[in-house]
Amino acid sequence: MVKKLLFYFFAGIVILGAAGCETVPIAPGASRDLKVLCEQNNVQSYLDNVSQVVNLRGAGREARAMVGSNVVVVDGEKVFLADVLRRERGTVIVPADFLSKVILRLTGSETVSRAGYQIVVDAGHGGKDPGALGRRGTEEKGITLDIAQRVKRGLITKGFKVTMTRDRDVFISLEERTEIATRVNADLFVSIHANSSPSRSVDGIEVYALRELEGAEKHDAQRLKNQRLLYGNLKMKSGDASLETIIADMLYNYKVSDSQLLAAYVNKGTSLGARVNSRGVKLAGFHVLRNTLIPAVLVEVGFLTNSQEELMLRQPDYRQRIADGIVASLVSFSAR
Ligand SMILES: [Zn+2]
């Protein structure tokens, strides 16, 4: 189904307007006709008549919107409009805020505001689940919660909104963690863990991003539940299966590519910031990576099974360095 849609996506493209004329920005509300708006702002737009996806391109940036829905992905970030895009007598009619939220960002004349950018910080394990154990008895759940709280404080001082999946020693299922991210409509998900290995000599940080999912994995019960939660947050016709599939697919494609980019930022920023050996970026299908619908990474901050690293992770200063590295990475990623 997805492959078929993608085929239509590339095969059924119709040129709506590829303007080469002078750029004359217009006032918000002046036109709701997408073709006119694009021509006046030198933005190229293509409507796929089959999928009803509108592809927009301008000043090296891209956006993808969907007739019948109010979600637009602009430069890898999802944006919610005040109303849905409609089709009227062959033209696409956009809501008034389409100019400021999409078109002007594509022309580079509107800078991206990260004021509402929301990050979910997920402290791994908790409660009855201690996670990995060090030789000195250090429990992973305590290390992850402490670093997560430091990351939260750091992000708030940088102006981000932060939601924690847990802020105390309590058990939260993996399913709930992904649901929290969906309910609060977050932009990024960062899960914090500490590692273990049968070999005591192994050390360093690792950052995981989602690998490409197989067809069946995209229909995991929790993923479908989160998608329904997401559709409930959108303005769109309910029960339109093909519209839902296209939106899910559009967000999935951005999620995979942005997660890998985010992982590269976090790996570099954290290993440099904390002056720790990096084992690099790895791809995996962990539950919280697979079933969140937004860019997500899982950071393994070090090996509790390595005596030296366990000692380091027991020091508050070192945990702060790790947290500062993660925060700096997220700041650079969101400002890219
Ligand atoms: Zn863990």
Rg (one decimal) and Dmax (whole number) from the Cα set of the chain, in Å, equal 21.7, 71
quick shape note, region 158-247: Cα extents on principal axes in Å, largest first -> 55, 35, 27
Any lysines whose Cα falls less than 19 Å from that of residue 235, other than same-chain ones fewer than 8 residues away, would be 78, 101, 225
Expressed in nanometres to one decimal, the distance between label points 7 Å along Cα→Cβ at residue 224 and residue 272 is 4.4 nm
For the chain, the dipole about the Cα centre with charges only on Cβ (Lys and Arg +1, Asp and Glu -1), to the nearest 20 debye, works out at 220 debye
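Determine the order of 64, 211, 183 by accessible area, beginning with the largest, at a probe radius of 1.4 Å.
Working: 64 50, 211 80, 183 140 Å².
Accessible-area ranking of 64, 211, 183, largest first: 183, 211, 64.
About the Cα centre, and with charges only on the beta carbon of Lys, Arg (+1) and Asp, Glu (-1), how big is the dipole of region 178-336? Nearest 20 debye, please.
On the way: 19 positive and 17 negative charges, 35 e Å.
Computed about the Cα centre, the dipole is about 180 debye.
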Between residue 283 and residues 5 or more places away or on another chain, the pairs with built amide H atoms under 5 Å apart involve 209
One can check that the equivalent ellipsoid of region 198-270, built from the alpha-carbon gyration tensor with semi-axes equal to the square roots of five times its eigenvalues, has lengths in Å, largest first, of 33, 14, 11
The correct ranking of 50, 74 by accessible area at 1.4 Å, largest first, is 50, 74
Diffing region 188-201: the Karplus 3J(HN,Hα) column from phi (6.51, -1.76, 1.60, θ = phi - 60°), in whole Hz with x for Gly and Pro, holds 9, 10, 10, 9, 10, 9, 10, 9, 9, 8, x, 8, 6, 7
For the chain, the longest principal axis of the Cα atoms and the Cα long axis of helix 140-157 enclose an angle in degrees, to the nearest 10, of 50 degrees
Any aspartates and glutamates whose Cα falls less than 13 Å from that of residue 141, other than same-chain ones fewer than 8 residues away, would be 122, 129, 167, 169, 300
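Could you give the Stokes-Einstein D for region 280-336 in µm² per second, using the C-alpha Kirkwood radius, 37 °C, 0.692 mPa s? Each step should come with its number before you reach the end.
Details: Rh = 13.4 Å.
Roughly 245 µm²/s, to the nearest whole number.
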Between the alpha carbon centres of region 183-211 and region 71-87 the gap in Å comes to 31 Å
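Just need the relative contact order of the chain here, percent rounded to a whole number, with Cα pairs under 8 Å and 6+ apart.
Working: 676 pairs, mean separation 59.3, N = 336.
Relative contact order, the chain: 18 percent.
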Under the Karplus relation with 6.51, -1.76 and 1.60 and θ = phi - 60°, whole-Hz ³J(HN,Hα) for region 307-317, x at Gly and Pro, equal 4, 5, 5, 4, 4, 4, 5, 7, 8, x, 4
Excluding residues fewer than 8 positions from residue 158 in its own chain, the aspartates and glutamates with Cα under 16 Å of it are 187, 324
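The values are calculated or read from the model by the stated rules, or taken from the named source; none is laboratory data. Here the structure is a predicted model, which means the values were calculated and not measured. A quick note on method: Cβ atoms are made from the backbone with ideal geometry, for glycine too, and the neighbour counts reach across all protein chains shown. These area figures cover heavy atoms from the full protein model, side chains too; ligands, DNA and RNA do not enter into them. Shrake-Rupley method; radii C 1.70, N 1.55, O 1.52, S 1.80 Å.
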